[in-house]
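Single-structure report; data block below.
The values are calculated or read from the model by the stated rules, or taken from the named source; none is laboratory data. On a predicted model such as this, the values are computed, not experimentally measured, just so you know. So basically every Cβ, Gly included, is an ideal-geometry build from the backbone, and we count neighbours across all protein chains shown.
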């Protein structure tokens with residue numbers, strides 16, 4: 001599992017270190033973490049997160065996905081074969 005953490009806009013976003021299907025966010029420098037996105041059969045497990053400015057990219061076990069709402073909803077950019 002990845003423990004990928006990035007800074008996006010004014011918050012930290014990470015792949016949950018105990019559950020890679022879950023993304024968490026922190027608005028206080030990582031002191032506390034809250035649920036951002038929970039398991040979705042379409043995305044699979046998150047591996048890496050990338051800040052692309054107006055969207056987030058995620059490499060997952062099922063392909064590359066993007067989010068334009070800060071990581072709540074994810075759409076497929078390319079499916080893993």
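Number of residues in the range 47-81 that are assigned to a loop (DSSP other than H, G, I, E, B) and either in contact (Cβ under 8 Å) with a residue 24 or more places away in the chain or at negative phi (or both): the value is 14. For residue 6, the test of being buried (at least 18 other Cβ atoms within 10 Å of the Cβ), modelled with pLDDT of 90 or more and part of a strand (DSSP E or B) is failed. Residue count for the range 14-29 under the criterion of being assigned to a strand (DSSP E or B) and without any contact (Cβ under 8 Å) to a residue 24 or more places away in the chain: the result is 2. Among the residues of the range 30-44, write down those that are within 15 Å of residue 19 (Cα to Cα), modelled with pLDDT of 95 or more and assigned to a loop (DSSP other than H, G, I, E, B). Correct list: 33 only.
Evaluation of residue 68 against the conditions (1) over 11 Å from the mean Cα position of the chain (by Cα); (2) buried (at least 18 other Cβ atoms within 10 Å of the Cβ) shows that the sole unmet condition is (2). Being exposed (fewer than 15 other Cβ atoms within 10 Å of the Cβ) and under 20 Å from residue 59 (Cα atoms) is the filter here, so list the residues in the range 9-37 that pass it. Result: 9, 17, 18, 19, 35.
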